[in-house]
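These notes are about the structure you will find just below.
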Amino acid sequence: MAKEKVKLKDRVSAFRNLPRFFKMIWHTSPGMTLGNVVLRIVKAAIPVIMLWVGKLIIDEIVFQIAQENKDFHNIWIYLAMELGLALFSDIINRGITLLDSLLGDLFSNETSVKLIHHAATLDLYQFEDSKFYDKLERARRQTNSRTALMSQTLTQLQDIITIIFFAVGLIAFKPLLIVILFIAIIPSFLGETTFSERSYSLTRSWTPQRRELDYLRYIGASDETAKEIKIFGLQDFISQRFKKLTEEYYKANKKLATSRAFWGSLLTAVGTVAYYGAYVYIVIDTVNGDISLGKLTFLAGSFLQMRNMLQSIMNRFSQIAESALYLQDLFDFFELRPQIIPKSSNPKIPDPILQGFTFENVSFKYPGSERYSLKHLNFHLKAGEKLALVGENGAGKTTLVKLLSRLYEPTEGRILLDGVDLSEYDIVDLRKNVSIIFQDFVKFQLKADENIAIGNINQLQKQDLIEDSADKSLANTVIDKLPERYQQFLGKRFEGGVELSGGEWQKIALARAYMGEAQLMILDEPTSALDARAENEVFIRFSELIAGRTAVLISHRFSTVRMADRILFLENGELLELGSHDQLLEKDGKYAALFKLQAKGYE
């Protein structure tokens, strides 16, 4: 597995993400953010003050030991000050922890909401690209894991302020200690920086494999796949594939982790030796009488805390740089832009539609593909007409209806609605006026009424409309059998949920089509789980209930599509035949041959 090499300049440039990151945090909660910063500034001064009070205590004790008449007054005052500082420090720590937790949760929630909304603005073809999914996966992980970056960065600033206070004390008494200090921590910092780069490179390069692992983990233990797993005995196939991938990652990560542990220990030892060298230096000065025992305690404590803090700062610097690199994944996702951009200034869809939809030399191919899914389509879908799309799998039927609803844009040619290019209309209003139920409709693990209201989610509170839609699609015959009727959770994902058969789910999905007043209704084989008679009844009912509206029907059963006003036969993305059922039979072409073949199967 080749790793993506992350250069030092990339890590340094990643710090440019921090201002944008904290701007997002500030907008999440200005009050909490400001409170967190203030508490950390106060906290930064406490360690230095406590060490200085400790120096005063020790010097006072040494002084009193030499006195005949002992006076504990100053000692009690200093001890009370240190106790007060300790209690105050604990309160400050708890306040910081509380604000970190609350602010982190708010940021994670708000970022997740933004990610959901932004993903919804992107084009459908982007979701059909594996590289896009890698970006989406990396961005999704940042909504939770990057909240720690806030705490890390603020702690970094807090420790830097503390070190400045300590540095002032060391410079005032022993400037040489500062030089020794930096010699102690630089090797460890360089080591951590190097290994953080390698860790990020490894993690990023494994994004596609992690997605595959998540998928294997899901299908290996899911109610949706359990039947196939058992029937086909796939458990060994899936588990071995999962094991193979995890072992490959384990080996790569083990090598890196082992090397990091070895060199980290060695370089840290250098810092430890340097610390004790400085300790020897100030002990000698104390024995020689150059500094007091209290100053020895202050200097030794300051040096030790500065060394530990600088070590943490340098290590945390690498962690923050690494986190900032990962943060770039989130920003990169937010930078993705759709080609189909809604414009509120665009005109609304005509109400009612008078002329209909016209395809003028429309062709379409998916981004990155050389093969056209649709080629040179020219036809007119009249207002109020019911058009059936027929053709073998892969002929382009679903692609055609996605073009009608502007889920895709034509690669060549144009689609007109009442003589105006479809791209000129307000896309949000267009989507409101187009209702599509796909063959692979989603079985939402929600309540029955919510599943139906998805067809027009703004009407979720209108129970009478939901029930009326269920009546029209015959979903009421399914819902009336459920223990909690419209409040029943569908699917087995949540406690108390009830699983439906394929045909029952299709009736629920069909109810979504009746939830709105869309002027164009599209059924893309959503009744494939029904038998021929049941499907025919559904389409007859559908035709009666949407009288006056334009409709597009897709079905492999010719006995069903014959009720359409006209039938469009697609082959290899091209319009092969177009006409009414009787006209196409009279033409005795491909449609007629397949119709007769299918009819013979029912004899």
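Tabulated data
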item: Failed condition for I61, given (1) touching a residue at least 24 places away in the same chain (Cβ under 8 Å); (2) more than 26 Å from the chain's Cα centre (by Cα); result: (1)
item: Filter pass, R260 being at pLDDT 75 or above, within 30 Å of L18 (Cβ to Cβ) and of a type in the set (D, E, K, R); result: yes
item: Some residue of the stretch 221-237 being at pLDDT below 80, touching a Ser or Thr at 6+ places or on another chain (Cβ under 9 Å), surrounded by 15 or more Cβ atoms within 10 Å (Cβ to Cβ) and farther than 28 Å from E322 by Cβ; result: yes
item: Filter result (more than 18 Å from P187 (Cα to Cα) and touching a residue at least 60 places away in the same chain (Cβ under 8 Å)) within the stretch 251-297; result: A252, L256, Y281, I282, D285, I291, S292, L293, G294, K295, T297
item: Helices (runs of 4 or more DSSP H) within the stretch 536-603 that include 1 or more residues over 48 Å from the mean Cα position of the chain (by Cα), of a type in the set (A, V, I, L, M, F, W, C) and surrounded by fewer than 21 Cβ atoms within 10 Å (Cβ to Cβ); result: 581-587, 590-601
item: Which numbered condition I291 misses (of (1) farther than 23 Å from T121 by Cα; (2) buried (at least 21 other Cβ atoms within 10 Å of the Cβ)); result: (2)
item: Verdict on D290 being among the acidic types (D, E) and under 30 Å from F63 (Cα atoms); result: yes
item: Residue satisfying all of: in the stretch 400-423; in contact (Cβ under 8 Å) with a residue 60 or more places away in the chain and among the β-branched types (V, I, T); farthest from I567 (Cα to Cα) among these; result: V420
item: Scope the stretch 298-324; condition surrounded by fewer than 19 Cβ atoms within 10 Å (Cβ to Cβ), in contact (Cβ under 8 Å) with a residue 24 or more places away in the chain and closer than 23 Å to V53 by Cβ; matching residues; result: L304, Q305
item: Test: G31 is at pLDDT 85 or above, in contact with a helix residue (DSSP H, G or I) (Cβ under 9 Å, 6 or more places away or on another chain) and of a type in the set (G, A, S); result: no
item: Answer residue from the stretch 94-135, given it is within 19 Å of P338 (Cβ to Cβ) and of a type in the set (D, E, K, R) and is surrounded by the most Cβ atoms within 10 Å (Cβ to Cβ) among those; result: D123
item: Failed condition for D468, given (1) more than 24 Å from V538 (Cβ to Cβ); (2) among the charged types (D, E, K, R); (3) free of Cβ contacts under 8 Å to residues at least 60 places away in the same chain; result: (1)
item: From the options D429, D440, D418, residue that is surrounded by fewer than 18 Cβ atoms within 10 Å (Cβ to Cβ) and over 34 Å from the mean Cα position of the chain (by Cα); result: D418
item: One residue from G516, G503 being at pLDDT below 85, assigned to a helix (DSSP H, G or I) and touching a Ser or Thr at 6+ places or on another chain (Cβ under 9 Å); result: G503
item: Search result, residues across the stretch 382-411 that are among the acidic types (D, E) and either surrounded by 20 or more Cβ atoms within 10 Å (Cβ to Cβ) or within 29 Å of the chain's Cα centre (by Cα) (or both); result: E409
item: Filtered residue count, the stretch 339-368, keeping only those that are closer than 19 Å to E517 by Cβ and not charged (D, E, K, R); result: 8
item: Odd one out for I454 among (1) part of a helix (DSSP H, G or I); (2) within 31 Å of the chain's Cα centre (by Cα); (3) without any contact (Cβ under 8 Å) to a residue 24 or more places away in the chain; result: (3)
item: All strands (runs of 3 or more DSSP E) inside the stretch 311-404 with 3 or more residues being polar (S, T, N, Q); result: 356-364
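The values are calculated or read from the model by the stated rules, or taken from the named source; none is laboratory data. This one's a predicted model, so the numbers in the text were calculated from it and none came from an experiment. In this analysis, Cβ positions are derived from the backbone assuming ideal geometry, glycine residues included, and neighbour counts consider all displayed protein chains.
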